[in-house]
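**Q** Before anything else, here's the structure in question.
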Amino acid sequence: MKSDSRVWFAAILIVTAVYALGTLFPVQGISLTVWAGTWPTAIAAGLAGISMLYAARLHSIADDGQASADGADSAAGLRFFGFSALAWCAGAITNGVTGLFGPAAAFSLTFGDLFSLIALPLFFLGFLKFAPLPHGARTVVRHLTDSYVCAAAVFAVVWLVLFQPLYRDLGEGSGFVAFALVYPVADIAVLCFLAPLVFTSPHSTRRAVLLAMGAFIVICGADLIGTITRLTGEAPAGGIEYPVRLFGFALLAGLPWLILGRTGAAPRRITGRGLYRFAPEIAASLALAIATVALTVGGLWVNGVAPVLPLVAGSAVLVLLVRLLGLLEENSTLSRMVHSRERHFHELAKHSGDVILILDDDGRIFSLSPGTAEAFGYRLDDILADPVTALIHPEDLPQVKRAMATFRRDSGDGIHLRVRVRAADGTWRHTTSTASVYERPGEPKRLLFTTRDISAQVELQKQVDHLTFHDGVTGLPNRAYLEERTREVLSRRTEPEEGQPKTEIAAIFLDLDGFTAVNDSAGHTFGDYLLAQAGRRLRATMGAGDTLARWGGDEFAVLIEDSPRADNVVDLAERLIRVIGGEPFQVADREVVLTASAGVAFAAPETGSGELLRNADMAMARAKEEGGGGRLELYAAHMHAKVVGRLELQTELRQALADNAFTLEYQPVVNLETSRVTAVEALVRWRKNGQLVPPDDFIAPAEESGLIVPLGEWILREACQKVAVWRGTTGLDIRLSVNISVKQVLSPRFVETVAGVLAECALNADVLTMEVDEEVLLENPGQAVDRLAELRDLGVRLAIDDFGMGYASLAHLRQLRVDEIKIDRSFIRDLGGDGTVTLLTQTIIRLGQDLGMQVTAEGIEHPRQLDRLRAMGCAYGQGFLVARPMPADGVEALVGGETATAL
């Protein structure tokens with residue numbers, strides 16, 4: 001686009017130069033340009049009008065007819081320029097036609113002149129669309145007065161240099177010079193009014209304004225030459241007026257295409273203080289100075305100065321006086337405003353809680369608000385003795401110096417600073433300041449600082465940050481801090497240089513085994529003291545460059561940021577495990593022995609922060625699953641696959657529960673002496689893809705996800721309804737056993753749910769036996785015992801399942817008043833083959849008999865096991881030898897005597 005503009009401008013110069021050459025080649029005493037007359041200029045003006053109007057249409061379509069934000073309206077400006085060019089074209093054509101019938105009178109205006117004069121206001125209006133007048137009546141009046149002074153001065157110089165000799169030579173015809181001067185007077189008036197607007201025009205239209213002004217100056221020059229031609233009757237320089245006018249119209253025609261697609265000039269200031277804003281005054285002053293010199297020289301050397309000069313000079317002086325009065329009034333108003341604002345400023349400074357300082361350029365205090373010195377503990381003389389920079393923290397000095405340097409170069413907007421200021425007691429106060437320029441008439445620029453002491457807010461923010469990123473119990477960094485620190489460490493890791501050893505980034509997760517039981521039994525305060533001691537032990541074992549954090553609950557996490565060897569990380573994890581279990585924790589008057597399980601994960605090149613911490617957590621969970629008690633696991637990829645598989649299984653379980661995809665089978669419990677079925681144990685099965693999934697494959701995931709609670713309620717209701725039907729319609733005297741988990745017992749409204757199901761099925765409570773593992777008594781013994789006691793109060797029978805494999809105490813058995821104990825199948829499997837197991841089984845049977853409890857043996861699969869149990873006095877049993885789990889109709893057939901047993 002820039003090259004296209006150059007081509008346009010080169011074409012205009014070439015056409016003008018070719019046409020100007022016509023002044024050098026006379027034909028019968030007349031140059032070619034005079035012979036051609038105004039027709040070439042008429043064509044150029046017509047093309048300029050068409051070009052402007054077409055470009056205006058394009059701008060209107062592109063801008064949707066809306067003026068720009070800076071007030072310029074390019075489309076409207078081009079439209080007025082087009083009309084003015086057409087008016088000049090009409091004037092040139094009219095002059096050309098009338099010239100065919102004879103020369104025009106020198107001292108009269110023709111019809112063509114009227115068209116040319118109409119073009120001036122149209123051009124004036126178009127120029128104002130590109131360079132709008134300043135806002136405000138006072139500003140417009142100032143612009144008019146300054147423009148008049150400038151025009152009067154320019155006209156005085158032109159008169160003295162060009163028209164004064166002609167006026168003197170015309171003699172009696174000199175009175176009609178006024179008609180010939182219409183063109184130059186109008187041109188000078190418009191030119192002087194518009195020229196200052198070039199400097200104040202918007203930057204988006206600056207190029208268009210400059211080109212338009214240039215074209216108008218060329219046209220004004222042609223008008224001036226034409227006026228001389230009319231007064232003298234001879235065409236100067238062989239008719240140079242026509243090439244000059246042609247160049248002006250050609251430049252006007254190319255204006256929209258010379259600026260098309262080009263951005264406006266970048267904003268800049270002519271001087272450091274922006275004197276372009278006073279362009280009208282500057283133009284008037286320069287023109288008046290030139291006119292004064294010219295008039296002085298003319299008055300000294302030119303004889304017979306025309307009386308028009310005193311008239312022009314007098315009117316200019318009169319306008320200057322009016323302008324001076326206006327300036328005096330403005331100065332008075334500004335002075336009052338300055339004093340009023342100064343008074344307001346001092347009042348605000350006096351009653352403001354902020355510290356307000358006014359500084360000289362060298363940093364010394366020029367003025368300060370009352371109480372400033374006392375706010376920082378100084379005496380007034382002490383704070384005024386040295387530059388204020390002596391009180392600023394050395395680390396904050398560079399930004400203060402940059403701010404002061406910025407104000408020296410440019411007043412600009414206010415700058416906000418946060419610096420530390422030394423108080424009289426030697427402490428550093430945190431402050432926030434706003435710096436801006438402070439100016440008073442006749443005085444140098446200074447800096448105004450409004451400063452507020454924010455030390456209390458900073459200290460409070462530090463406390464908030466500490467609480468946000470630290471654990472309140474142990475004082476260690478918390479989970480949020482560790483996650484952020486891990487992201488930071490992994491983001492700046494780099495590959496080691498050749499020959500340098502590779503360092504490891506790793507995470508260790510550590511969990512306190514059995515802490516939940518201790519916390520629940522002794523209370524949360526006891527548990528918090530225990531966690532604090534554990535945190536101190538772990539911190540004392542850590543290296544200086546690693547991060548120890550409390551992850552949550554009884555879990556701790558360590559970020560190893562730069563370990564030279566992987567085995568060093570494993571060694572640290574083992575030391576952390578040993579320091580927890582090495583000696584008991586002393587809390588109040590109690591000693592507590594804990595162990596810890598840990599997991600370690602290393603960061604691969606592509607490992608993210610979340611993935612690294614997740615891997616270490618999974619490794620720790622694996623250690624817990626393998627029994628804990630000081631076990632350490634390293635992360636392997638199959639752990640992640642196992643976790644993902646378990647999550648998918650939980651999702652499938654949730655959908656299966658919604659789709660009613662579970663069914664029940666019942667395993668009979670028989671009286672070993674009579675071989676009669678006395679009860680059935682309800683066992684859940686999952687119908688998946690046409691096959692039954694055994695409970696061992698989905699009960700654990702159901703426990704983890706919490707689905708065991710709604711699933712257990714469904715099992716209870718379904719089994720109770722079936723047993724109620726058997727007892728009510730067939731008269732079968734049969735009881736029901738249902739297994740319940742820890743989460744079911746501890747879930748809200750568990751007892752109410754059991755009572756509601758029994759009432760709904762019209763089933764007596766003593767028909768239902770709830771089987772619980774011994775682990776229920778360890779997970780949350782207090783709450784669990786209370787819930788089970790409430791069940792016992794309902795009349796529901798309680799049984800301890802898998803007795804002998806857990807850690808329940810006899811005290812718990814007596815406290816619960818358990819009705820039945822079920823010997824674990826591992827004892828029955830080795831019965832007769834292992835003397836110790838046989839003795840333990842005999843002991844359990846006698847214990848149950850002595851406590852008045854029903855004893856049931858599980859897992860009877862061989863006749864020799866059955867014989868041993870009968871000999872030991874075990875009354876009840878179940879297993880594959882007695883009957884396998886079966887659907888409900890199988891139970892009906894078995895209990896109804898349709899199937900004989902080989903007992």
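**Q** Can you give the charge dipole size of region 470-635 about its Cα centre, rounded to the nearest 20 debye, using +1 on the beta carbon of Lys and Arg and -1 on the beta carbon of Asp and Glu?
**A** Charge dipole of region 470-635: 260 debye, to the nearest 20.
**Q** Would you please give the residues with an amide H less than 5 Å from that of G630, counting only those at least 5 places away or on a separate chain, with H modeled from the backbone geometry?
**A** A596, S597
**Q** From the residues F526, L594, S563, which one has its Cα farthest along the dipole of region 470-635 in the positive direction, the dipole being from +1 and -1 charges on Cβ of Lys/Arg and Asp/Glu about the Cα centre?
**A** It is F526.
**Q** For H470, which sequence-distant residues (separation of 5 or more, or a different chain) have an amide H within less than 5 Å of its own amide H, given hydrogens modelled in the peptide plane?
**A** Those lying under 5 Å, H to H, from H470 are N478.
**Q** Also, I was wondering about something else. Could you order peptides 139-145, 477-483 by the average number of other Cβ atoms within 10 Å of their residues, highest first?
**A** Peptide ranking by packing, descending: 477-483, 139-145.
**Q** ³J(HN,Hα) across region 90-95 via Karplus (A = 6.51, B = -1.76, C = 1.60, θ = phi - 60°), whole Hz, x for Gly/Pro?
**A** Those phi angles translate into 5, x, 5, 5, 4, 5 Hz.
**Q** Please identify every one of the GluC sites (Glu not before Pro) in region 554-615 that sits in a loop by DSSP and has no more than 15 other beta carbons within 10 Å of its own beta carbon.
**A** E606
Where a number appears in this text, it was derived from the coordinates with a stated rule and is not lab data. None of the values given here were measured: they were computed from a predicted structure. All Cβ positions, even for glycine, are placed from backbone atoms using ideal geometry, and neighbour counts span all protein chains on display.
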